[in-house]
1. Please name which of F103, S167, M147 has its Cα lying farthest along the dipole of region 103-193 towards the positive end, using unit charges on Cβ (Lys, Arg +1; Asp, Glu -1) and the Cα centre as origin.
2. Enter the accessible area of T304 (Å², nearest 10), with the probe set to 1.4 Å and all protein chains included.
3. Given the chain, what whole percent of its Cα pairs are spread farther than 32 Å?
4. In what sequence, largest accessible area first, do W127, W51, W169 appear using a 1.4 Å probe?
5. Contact order normalised by length for the chain, with contacts defined as Cα pairs under 8 Å and 6 or more residues apart; what percent is it?
6. Which shape class, rounded, prolate or oblate, goes with region 130-220 when its Cα gyration tensor gives a ≥ b ≥ c as root eigenvalues, a/c under 1.5 marks rounded, and past that a/b bigger than b/c marks prolate?
7. Binning at 5 angstrom from zero up to the longest distance, how are the C-alpha pair distances of region 217-332 distributed in percent?
8. I want the antiparallel fraction of DSSP beta bridges within region 28-182, as a percent rounded to 5.
Amino acid sequence: MKAGAAVVLFVSAILIAGCNGAQSALNAEGAAAVQLKHLIIGIVVVCSVVWALVMVVLVLALLRARTPRESPSSESERRMGKLVTAAVAATVVIIAGLTIASFYATRGLGMSEDATLAIKVRGQQWWWQFIYDDVDPAKSFQTANEMHIPVGVDIRIELESSDVIHSFWVPSLAGKRDLIPGRQNVITIRAERPGVYRGQCAEFCGLQHSHMALFVIAENMAAYQRWAAAQRASSVSSADPEATAGKALFMRKPCAACHTIRGTEASGSTGPDLTHVGSRQTIAAGLLDNTRGSLAAWIADPQTLKPGNNMPMVPLSSDELRQLSAYMESLK
């Protein structure tokens, strides 16, 4: 019995340890996420109590059934009827209570009237496009797979999809909400503390659904404003000869037809904006850390690393691959 209890405690400890980290609904750092965390804990506690009571009644019934008894009297049947009625009433009350609690917890996921920043999120197979629109078009910019926000303020997230249904979900900051083609949904997120929060598409959207991650980087207002100012700026040409050769190669090859690099003639819109790709932490929607080696591997054969994505393999020599990866790395 003691050995069994020890095994149960050991397994429970392992499972609970997996509930923490950068992508966990139990590691709540936003107002909506905290409400959902309380809802989850409340439902687990209530269901655990119900399960325990059912098990107790079941055991008592089994023990009672092993004892020879006379036919039940009418008084006994009345008591059983009252118990069944009470159990049904308790079930109705519990379900109604959980439904009401769920309603009040999830209604906080909608639009906040106090949002000070709006970010348009467009889901594509299989990456995230983040558009920071401004009333002055010259101050608008966009990034891919990595969103920066200031802490302590509500952020209005406008959700769109270019192809199939996706679902935006950053468990530590809010619940999930779908991105549906031809329709705009809205969700509000808020980070109370600086940090890097991982998100994931939560709706199966095709072959590489599991490789469609995103990162929300929450930082203080001053740091956010510095980052936004840097993102608004056009790309700066590197003095490194290898990167300079990579830039010329990028403009000569099909790359410029699919990607935008502001400050150059590259203005494609099929793929992610690469103006500051070198400043991002990961590439390919969280598939690889952003290093020069990863950039080279991705450029060399994107279909092996992420089969089915829209980036074709462009034949390159080893020298050309080094030049292109140097140019991508220089785009800070």
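The values are calculated or read from the model by the stated rules, or taken from the named source; none is laboratory data. All values reported here derive from a predicted model rather than from experimental measurement. A quick note on method: Cβ atoms are made from the backbone with ideal geometry, for glycine too, and the neighbour counts reach across all protein chains shown. The protein model used for the area step is the full one, side chains on, heavy atoms only, and it has no ligands, DNA or RNA in it. Shrake-Rupley method; radii C 1.70, N 1.55, O 1.52, S 1.80 Å.
1. Checking the options against the dipole of region 103-193, the answer is F103.
2. Surface accessible to solvent at T304 totals approximately 100 Å².
3. That tail contains 45 percent of the Cα-Cα pairs.
4. Details: W127 25, W51 160, W169 85 Å².
Largest accessible area first, the list is W51, W169, W127.
5. Values: 572 pairs, mean separation 51.4, N = 332.
Relative contact order comes out at 15 percent.
6. Cα axes put region 130-220 in the oblate bin.
7. Whole-percent P(r) values from 0 Å outward: 2, 11, 20, 26, 21, 10, 6, 3, 0.
8. On the way: 12 of 19 bridges.
Bridges in region 28-182 that DSSP calls antiparallel: roughly 65 percent.
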